[in-house]
Amino acid sequence: MCKETQSPSAALAALTSAIAQILDSSRLPDVGAIRSAILHAFRSGVWIPHEQREPGDESYVRHVLHSDPARRYTVLALVWKGGQASPIHAHHTWCAYSVVSGELFEERFSYDAAGHGAVATHGASRRPGDGGCGPAGLNQIHRLRNSRDETAISVHAYGVPATELSQGVNNVLPLLEPASL
């Protein structure tokens, strides 16, 4: 699913308008609705500009697609070459994501309070239209990786402005038991 079907600016405007409406309608963000908005925005194809589909050589790359002027959220395209993975992490903020091109494998973990780290629980392949969402905290601990040769792209929305992405999103955790997923 990599055909371009609409103008990137119009598609992004529709997505960010949908996210803003969701955030305006409730005191607590409906992350499931935000994930659905991302999914809906890519139903007819990938409209991300080519320069924001470029992977990095050493690790996955985050390309900022939009940072809300009111500082409520940021939308990013994460581009993954084969073999690249995120660290095991929870989130300091709410998040929602959907795979829009290629395939990722998502490993899930539970939090072990005594060991202050992550224990593997299960994993699943994520294809275009698949994804996840969750509130801030230790209830959604995961690691995403591209175990395929082809580049994969996922789109994520986080409840922080772009200026706070480096410190305000990932809460990296140690793996307490070897993963066998």
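The values are calculated or read from the model by the stated rules, or taken from the named source; none is laboratory data. Just so it is clear, the model here is predicted, and its values are computed rather than measured. A quick note on method: Cβ atoms are made from the backbone with ideal geometry, for glycine too, and the neighbour counts reach across all protein chains shown.
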Residue in the range 83-104 that is surrounded by the most Cβ atoms within 10 Å (Cβ to Cβ), counting only those that are without any contact (Cβ under 8 Å) to a residue 60 or more places away in the chain and not β-branched (Val, Ile, Thr): Leu104
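Considering only the range 56-74, state which residues are surrounded by 12 or more Cβ atoms within 10 Å (Cβ to Cβ) and either assigned to a loop (DSSP other than H, G, I, E, B) or hydrophobic (A, V, I, L, M, F, W, C) (or both). Spell out how you get there, then give the answer.
Here is the first cut: in the range 56-74, the ones surrounded by 12 or more Cβ atoms within 10 Å (Cβ to Cβ) are 56, 59-68, 71-74.
Within the range 56-74, Gly56, Ser59, Tyr60, Val61, Val64, Leu65, Asp68, Arg71, Arg72, Tyr73 meet the criteria.
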Complete set of residues in the range 15-39 that are modelled with pLDDT under 95 and surrounded by 13 or more Cβ atoms within 10 Å (Cβ to Cβ): Pro29
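Just to check your reading of the model, which residue among Trp80, Trp47 is of a type in the set (Phe, Trp, Tyr), in contact (Cβ under 8 Å) with a residue 24 or more places away in the chain, in contact with an Asp or Glu (Cβ under 8 Å, 6 or more places away or on another chain) and surrounded by 13 or more Cβ atoms within 10 Å (Cβ to Cβ)? Can you show your working first?
Numbers: Trp80 fails: in contact with an Asp or Glu (Cβ under 8 Å, 6 or more places away or on another chain).
Selected residue: Trp47, the only one of Trp80, Trp47 that is of a type in the set (Phe, Trp, Tyr), in contact (Cβ under 8 Å) with a residue 24 or more places away in the chain, in contact with an Asp or Glu (Cβ under 8 Å, 6 or more places away or on another chain) and surrounded by 13 or more Cβ atoms within 10 Å (Cβ to Cβ).
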Tally of residues being under 27 Å from Gly82 (Cα atoms), among the charged types (D, E, K, R) and part of a helix (DSSP H, G or I) across the range 4-55: 2
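Given the criterion in contact with an Asp or Glu (Cβ under 9 Å, 6 or more places away or on another chain), among the aliphatic types (A, V, I, L, M) and more than 18 Å from Gln52 (Cβ to Cβ), identify the matching residue among Leu176, Leu104, Leu138.
Working: Leu104 fails: more than 18 Å from Gln52 (Cβ to Cβ); Leu138 fails: in contact with an Asp or Glu (Cβ under 9 Å, 6 or more places away or on another chain).
None of the others qualify; the one that does is Leu176.
Taking the range 84-128 only, how many residues are among the polar types (S, T, N, Q), in contact with a helix residue (DSSP H, G or I) (Cβ under 8 Å, 6 or more places away or on another chain) and either in a loop (DSSP other than H, G, I, E, B) or modelled with pLDDT under 95 (or both)? Full working, then the answer.
Of the residues in the range 84-128, the ones among the polar types (S, T, N, Q) are 84, 86, 93, 98, 101, 110, 121, 125.
Cutting the leftovers down to in contact with a helix residue (DSSP H, G or I) (Cβ under 8 Å, 6 or more places away or on another chain) gives us 93, 98.
Right, trim to either in a loop (DSSP other than H, G, I, E, B) or modelled with pLDDT under 95 (or both) and you get 93.
Within the range 84-128, residues that are among the polar types (S, T, N, Q), in contact with a helix residue (DSSP H, G or I) (Cβ under 8 Å, 6 or more places away or on another chain) and either in a loop (DSSP other than H, G, I, E, B) or modelled with pLDDT under 95 (or both) number 1.
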Test: residue in the range 117-124 that is under 18 Å from Ala33 (Cα atoms) and touching a residue at least 40 places away in the same chain (Cβ under 8 Å): no
Among the residues listed as Arg43, Arg53, the single one being at pLDDT below 95 and farther than 22 Å from Thr93 by Cβ: Arg43
Residue that is surrounded by the fewest Cβ atoms within 10 Å (Cβ to Cβ), among those in the range 125-181 that are of a type in the set (Val, Ile, Thr) and in contact with a strand residue (DSSP E or B) (Cβ under 7 Å, 6 or more places away or on another chain): Val172
